[in-house]
Amino acid sequence: MRVAIVGATGEVGRAFLKVLEEREFPVDELYLYASEKSEGAELTFRGEKFRVRALNKETSFRGIDIALFSAGSSISKEYAPRFVKDGAIVIDNSSAWRLDPDVPLVVPEVNPEDVENHKGIIANPNCSTIQMVVALKPIYDAVGISAIVVATYQSVSGAGAKAIRELEEQTRAWCQNKQMEVKNLPRRIAFNVIPQIDVFTENGYTKEEMKMLNETRKIMHDPNIKVSATTVRVPVFYGHSEAISVKLNRPLEPESAMELLRKAKGVVLVEEGYPTPVDVAGRDEVFVGRIRKDLVFEPGLSMWVVADNIRKGAATNAVQIAELLTHAKA
């Protein structure tokens, strides 16, 4: 199996390497690509150093079986079709292909069968959507869900390495009683929360919030499910949290929902206390706690859902898709 990683030097690119190694994915040959400024950098995989190559229009991608992309929508739009033309299957972590009707949008615990419908590109959903649908799918299958109201508390790593450094620098400046600089996020993030992720659309929701609606509908194959999201950036380095309330089609007691989630693949049910981002950092599962009857929706449930956005929200989900492909070939 010949595997390429595009955007290898970024947060998710480095996580790809770690997850591939931990899950013992069958990598026989590895190719690392990034921008020209990263050309020549070395990354370690299974104890061996690999040199990063510059991604450019003269590069041939023949012989590559699977390409894991985490390099932004514009790069994906330009290079994913070229990888496909040269014979690779692309698993893309950007938003470039998610709503394309010819591209499956896959969460392996939720809709693994959609992998079979690919035409060379498979899209990885948004990190906040992934953990939500993993937690809700067992309940959806049991009694149906007609509406979701969700507030997210998303870590700065979701905005990349520059946002991580910004939180570090602002926190250090605050401790030293110095002026805090805002460079990459809409507002100061240290000791603050920002109710804006991505740009606003005409209806007053941000693109991130609309992703949670549109992607959930596509993954669940349910164009009628309603989703109202408020996405918030919080001063946490790794791990997204979500407060979710759902309107059910049929009644379901919290105890019954907990029983469904105990058996659910990829879910860790926290029955005493509750999960926090610190607890889940470095983990691949989606953690669910505080399951209770909702006091607005009848019938309805409320819950608290936490996951590592770089792992399950990006790299791990993509590698799981690659595993589905290799199993299908086997």
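Observations on the model:
- Residue in the stretch 123-134 that is surrounded by fewer than 24 Cβ atoms within 10 Å (Cβ to Cβ), modelled with pLDDT of 95 or more and not β-branched (Val, Ile, Thr) present: no
- Selection within the stretch 49-70 - polar (S, T, N, Q) and over 24 Å from the mean Cα position of the chain (by Cα): Asn56, Thr59, Ser60
- Among all positions in the stretch 262-270, there is at least one residue which is in a helix (DSSP H, G or I) and either of a type in the set (Val, Ile, Thr) or on the phi < 0 side of the Ramachandran plot (or both).
- Looking only at the stretch 9-36, and only at residues there that are in contact (Cβ under 8 Å) with a residue 40 or more places away in the chain and assigned to a loop (DSSP other than H, G, I, E, B), the one that is surrounded by the most Cβ atoms within 10 Å (Cβ to Cβ): Gly10
- Residue that is farthest from Trp97 (Cα to Cα) [pool: residues in the stretch 37-72 that are loosely packed, with under 12 Cβ neighbours inside 10 Å and acidic (Asp, Glu)]: Glu48
- Within the stretch 174-204, considering residues that are of a type in the set (Val, Ile, Thr) and more than 11 Å from Thr231 (Cα to Cα), the one nearest to the chain's Cα centre (by Cα): Val199
- When Ile139 is tested against (1) crowded, with 19+ Cβ neighbours inside 10 Å; (2) under 20 Å from the mean Cα position of the chain (by Cα), only condition (2) is not met.
- Filter result for the condition that a residue is without any contact (Cβ under 8 Å) to a residue 24 or more places away in the chain and either farther than 22 Å from Ser94 by Cα or in a loop (DSSP other than H, G, I, E, B) (or both), over Asn203, Asn224, Asn192: Asn203
- Any hit, the stretch 269-282, residues being under 27 Å from Gly144 (Cα atoms) and under 17 Å from the mean Cα position of the chain (by Cα): no
- Any pair with Cβ under 7 angstrom, 6 or more apart, that starts in the stretch 125-136 at a residue that is under 15 Å from Ala315 (Cβ atoms) and of a type in the set (D, E, K, R) and ends at one that is in a helix (DSSP H, G or I) and at pLDDT below 95: none
- Candidates Pro277, Pro195 - the one that is crowded, with 21+ Cβ neighbours inside 10 Å and closer than 29 Å to Ala159 by Cβ: Pro277
- Of the criteria (1) on the phi < 0 side of the Ramachandran plot; (2) touching a helix residue (DSSP H, G or I) at 6+ places or on another chain (Cβ under 8 Å); (3) not assigned by TED's automatic domain parsing to the domain that holds Lys77, which one Pro104 fails: (3)
- For Pro112: the one exception among (1) within 21 Å of Ile310 (Cα to Cα); (2) in contact with a Phe, Trp or Tyr (Cβ under 7 Å, 6 or more places away or on another chain); (3) of a type outside the set (A, V, I, L, M, F, W, C): (2)
- Failed item in (1) β-branched (Val, Ile, Thr); (2) outside the structural domain of Pro138 (by TED's automatic domain parsing); (3) not in a helix (DSSP H, G or I), with Ile291 passing the rest: (2)
- Sole residue being without any contact (Cβ under 8 Å) to a residue 12 or more places away in the chain and of a type in the set (Asp, Glu), chosen from Glu242, Glu272, Glu215, Glu285: Glu272
The values are calculated or read from the model by the stated rules, or taken from the named source; none is laboratory data. Here the structure is a predicted model, which means the values were calculated and not measured. For neighbour counting, all protein chains shown are included, and Cβ atoms are generated from backbone atoms with ideal geometry for every residue, glycine included.
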